[in-house]
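Report on one structure; see the data block that follows.
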Amino acid sequence: VADGGFNSVHEFFFYGGTFILVVEDDKGANNLGYYIDALDNYGAFYIIHNTDTSGPPDAGFMAAARAVIWYTGEERDDTIDPTEQAAITSALANGGSFFFSGQDIAYDLSMSSSESNAFLENVLHLE
């Protein structure tokens with residue numbers, strides 16, 4: 001600005017389906033930086049949801065996201081619990097899009113219970 005003042009423009013846009021929801025479900029293992037670096041390099045608008053502090057995200061919120069990145073890190077047990085499974089199932093039924101990342105998600109779900117195994121096979125379509 002010619003008079004030596006400051007000129008600043010801030011624009012914020014929030015449209016349904018334009019954000020990526022990052023679900024941090026790694027029990028405090030601190031893997032978030034890898035995802036944030038990739039999304040920042042991509043220029044994506046994202047929202048971080050920590051299951052340790054906020055519980056599982058709402059199914060409607062997940063369905064409204066452009067995509068959900070759900071990571072469990074190196075967690076071996078209780079990777080995606082029954083409450084989270086129900087929310088994910090509902091979000092997928094309402095058009096949600098997911099990317100799951102974790103060392104032992106499939107192993108944990110296949111060994112946990114018949115309901116978790118059914119989620120693995122019928123919802124995530126893994127055998």
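The values are calculated or read from the model by the stated rules, or taken from the named source; none is laboratory data. Values in this document were obtained by computation on a predicted structure and should not be read as measured data. Here the Cβ is made from the backbone with ideal geometry for all residues, glycine too, and neighbour counts use every protein chain on show. Only protein heavy atoms, including side chains, enter the accessible area calculation; ligands, DNA and RNA are left aside. Shrake-Rupley method; radii C 1.70, N 1.55, O 1.52, S 1.80 Å.
Every residue, every condition in (1) assigned to a loop (DSSP other than H, G, I, E, B); (2) closer than 20 Å to residue 98 by Cα; (3) modelled with pLDDT of 90 or more; (4) in contact with a helix residue (DSSP H, G or I) (Cβ under 6 Å, 6 or more places away or on another chain), yes or no:
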residue	(1), (2), (3), (4)
6	yes, no, no, no
11	yes, no, no, no
18	yes, yes, no, no
26	yes, yes, no, no
35	no, yes, yes, no
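Going by the structure shown, is residue 75 charged (D, E, K, R), modelled with pLDDT of 90 or more and surrounded by 17 or more Cβ atoms within 10 Å (Cβ to Cβ)? The answer is no for residue 75.
Going through region 51-77 one residue at a time, which ones are of a type in the set (S, T, N, Q) and either in contact with a Gly (Cβ under 9 Å, 6 or more places away or on another chain) or under 14 Å from residue 96 (Cβ atoms) (or both)?
The one that is of a type in the set (S, T, N, Q) and either in contact with a Gly (Cβ under 9 Å, 6 or more places away or on another chain) or under 14 Å from residue 96 (Cβ atoms) (or both): 72.
For region 27-71, a residue qualifies if it is within 23 Å of residue 93 (Cβ to Cβ), open to solvent by less than 40 Å² (accessible area, probe 1.4 Å) and without any contact (Cβ under 8 Å) to a residue 40 or more places away in the chain, and the qualifying residues are 49, 51, 55, 57, 59, 63.
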